[in-house]
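Taking it in order: structure first as structure tokens, then the write-up.
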Amino acid sequence: MVADVDVVVVGAGQAGLSAAFHLRRTGREPDRDFVVLDHAPRPGGAWQFRWPSLTYGKVHGMHALPGMELTGADPARPSSEVIGAYFDTYERTFDLRVHRPVDVTAVREGGGGRLRVETSEGAYATRALINATGTWDRPFWPRYPGQESFRGLQLHTADYPGPEAFAGRRVIVVGGGASGTQHLLEIAGHAAATTWVTRREPVFREGSFGEAEGRAAVALVEDRVRRGLPPRSVVSVTGLPLNDAVRAGLADGVLDRRPMFERITPTGVVWADGRTADADVILWATGFRPVIDHLAPLRLRDPGGGIRLEGTRAAVDERVHLVGYGPSASTIGANRAGRAAVNEIRRLLSREPARGGGPVTV
């Protein structure tokens with residue numbers, strides 16, 4: 001059976017919940033006019049999967065969801081617990097009725113101007129789609145010669161268990177972003193040795209990062225998206241904040257960066273100049289890619305590999321909006337994108353004939 005709704009929201013992280021909140025504010029009812037589908041087992045978006053040592057006090061840039069502040073959180077408590085509980089309360093407060101765990105396998109043309117959203121709980125026919133799937137489920141693993149021969153452990157930030165797991169081990173951390181530096185600073189106190197490797201020279205940012213700087217960084221990401229290129233994260237263009245922990249890491253040599261190695265051996269890595277480093281673990285802090293494969297049947301990608309957007313709307317299909325993608329990947333950007341997408345969809349639905357169905361059943 002196919003359930004008929006006005007809007008399907010895919011994902012219940014910051015962007016998806018923001019969109020659902022604004023749909024509610026337009027008078028639309030969950031499980032009648034719209035549905036929110038989330039593949040995660042519980043509330044919290046990607047935050048629920050973060051490592052225990054990432055406490056709430058270490059979180060950079062967490063912005064409250066619209067309509068309800070996050071207050072009184074213990075900074076020493078794991079961020080996964082704090083933000084998971086906050087999202088759970090938010091969903092219940094605004095009666096968003098998130099369906100989970102639900103996997104969305106494909107979105108394709110459904111006939112009559114509708115999109116067909118195929119999921120593990122059945123299919124939906126919808127007049128509009130808000131895609132808020134984020135990036136956490138698609139970690140990026142670079143490929144280097146000899147990678148399969150390495151006899152030690154390779155893992156990604158997505159699987160990072162916390163610093164204690166690296167006690168007594170020689171660890172190579174690959175990646176020049178915030179996660180890479182956080183991992184290094186934590187691991188150094190437990191590991192036998194650490195080596196930091198990045199493709200580009202790290203850029204450390206002195207001073208405050210205000211509204212003007214934020215707008216400039218977002219503009220760089222927006223430009224890529226408008227040209228149909230795969231988005232870079234907002235963080236990738238802002239540089240690394242030079243806080244006290246980073247200064248200490250630079251001073252004591254933990255953040256002594258080396259360029260990328262040429263190949264991987266069974267016992268470590270080798271650089272082009274012949275230098276080597278032995279390792280028991282290679283930790284790839286190399287970021288994530290957008291989770292958008294389920295949109296492939298709609299052929300939204302440009303030749304450059306990305307989905308070209310006009311605001312939050314896919315340039316080639318006004319029924320499809322991407323929030324938490326590219327320039328709206330930050331938490332405050334996700335909030336704004338959720339509202340913007342709903343405003344655009346209201347205009348779309350006002351021009352389209354209304355559906356004739358009743359409450360959702362699948």
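The numbers here are math on the coordinates, done by the rules we state, and not lab data. Since this is a predicted model, take the numbers as computed values, not measurements. A quick note on method: Cβ atoms are made from the backbone with ideal geometry, for glycine too, and the neighbour counts reach across all protein chains shown.
When only alpha carbons are used to place a centre, the stretch 265-289 and the stretch 168-188 end up 12 Å from one another.
If R0 is 45 Å, what FRET efficiency do you get for Asp95 and Asp302 from their C-beta distance, rounded to 0.05? Intermediate results must be reported in sequence, preceding the final value.
Values: r = 38 Å, r/R0 = 0.85.
It comes to 0.75.
With a Förster radius of 45 Å applied to the C-beta separation of Ser350 and Ala165, the computed FRET efficiency comes to 0.25.
How much net charge surrounds Asp103 when only other residues with a Cβ under 11 Å from its Cβ are counted (Lys, Arg +1; Asp, Glu -1)?
Values: positive: Arg100; negative: Asp38, Glu118, Glu121, Asp137.
Neighbourhood net charge equals -3.
Share of pairwise Cα-Cα distances greater than 24 Å in the stretch 1-135 is 31 percent (whole percent). Here the stretch 45-94 and the stretch 299-316 have alpha carbon centers that stand 31 Å from each other.
Note on Leu242 and Thr71: the extension gain reaches 58.9 nm, defined as 0.36 nm multiplied by sequence separation minus the Cα-Cα distance.
The residues neighbouring Ile282, those whose beta-carbon lies less than 15 Å from its own, together hold a net charge of +2 under the Lys/Arg +1, Asp/Glu -1 convention.
A cut-off of 5 Å between modelled amide H atoms, ignoring neighbours fewer than 5 places along the same chain, links Arg263 with Val270.
Could you tell me whether the stretch 146-207 comes out rounded, prolate or oblate from its Cα gyration tensor? Rule is a ≥ b ≥ c as square roots of the eigenvalues, rounded for a/c under 1.5, then prolate if a/b exceeds b/c, otherwise oblate. Don't jump to the answer; show the numbers that get you there.
Working: a/c = 1.97, a/b = 1.36, b/c = 1.45.
It is oblate, given that a/c is not under 1.5 and a/b is not larger than b/c.
Relative to the longest principal axis of the Cα atoms of the chain, the long axis of helix 331-351 lies at roughly 20 degrees. For the pair Leu250 and Arg200 in one chain, pulling the backbone fully straight at 0.36 nm per residue adds 16.3 nm over the alpha carbon distance. Of the residues Gly152, Ala191, Ile264, the one whose Cα sits farthest toward the positive end of the charge dipole of the chain, with +1 on the Cβ of Lys and Arg and -1 on the Cβ of Asp and Glu, is Ile264.
Classify the stretch 244-293 from the C-alpha gyration tensor, please: rounded if a/c falls under 1.5, else prolate or oblate depending on whether a/b exceeds b/c.
Working: a/c = 2.20, a/b = 1.04, b/c = 2.11.
Judged from the Cα gyration tensor, the stretch 244-293 comes out oblate (a/c at least 1.5, b/c at or above a/b).
Available extension along the chain between Arg108 and Glu148 is 10.7 nm, counting 0.36 nm per residue and deducting the alpha carbon span.
For Gly146, the shell of other residues with beta-carbons less than 13 Å away shows a net charge of +1, using +1 for Lys and Arg and -1 for Asp and Glu.
Using the Kirkwood radius over C-alpha pairs as Rh, can you work out the diffusion coefficient of the stretch 276-342 via Stokes-Einstein at 4 °C, viscosity 1.567 mPa s, in µm² per second? So the translational diffusion coefficient is about 93 µm²/s. What translational diffusion coefficient, in µm²/s and rounded to a whole number, does the Stokes-Einstein relation yield for the chain at 4 °C and a viscosity of 1.567 mPa s, taking the hydrodynamic radius as the Kirkwood radius over Cα pairs? Translational D for this selection: 59 µm²/s. Ranked for footprinting exposure by Cβ neighbours inside 10 Å, fewest first, His22, His99, His321 give His99, His22, His321.
Each of Lys58 and Arg275 was given a label point 7 Å from its Cα along the Cα-to-Cβ line. The distance between the two points is 2.7 nm. Need one word for the stretch 58-144: rounded, prolate or oblate. Basis is the Cα gyration tensor (sqrt eigenvalues a ≥ b ≥ c); a/c below 1.5 gives rounded, then a/b vs b/c decides. Oblate, since a/c reaches 1.5 and b/c is not below a/b. For the chain, a crude dipole built from +1 on the beta carbon of Lys and Arg and -1 on the beta carbon of Asp and Glu, taken about the Cα centre, is about 800 debye to the nearest 20. Only the Cβ atoms of Lys and Arg (+1) and of Asp and Glu (-1) were treated as charged; on that basis the dipole of the stretch 48-129 about its Cα centre amounts to roughly 200 debye. Between Tyr90, Gly306, Gly175, whose Cα lies farthest towards the positive end of the dipole of the chain when Lys and Arg beta carbons carry +1 and Asp and Glu beta carbons carry -1, centred on the Cα centre? The one lying farthest along the dipole's positive direction is Gly306.
Database remark: amide H of Arg170 closer than 5 angstrom to the amide H of Ala192, Ala193, Asp280, Val281 (H placed geometrically; neighbours at sequence offset of 5 or more, or on other chains; Pro and chain starts carry no H).
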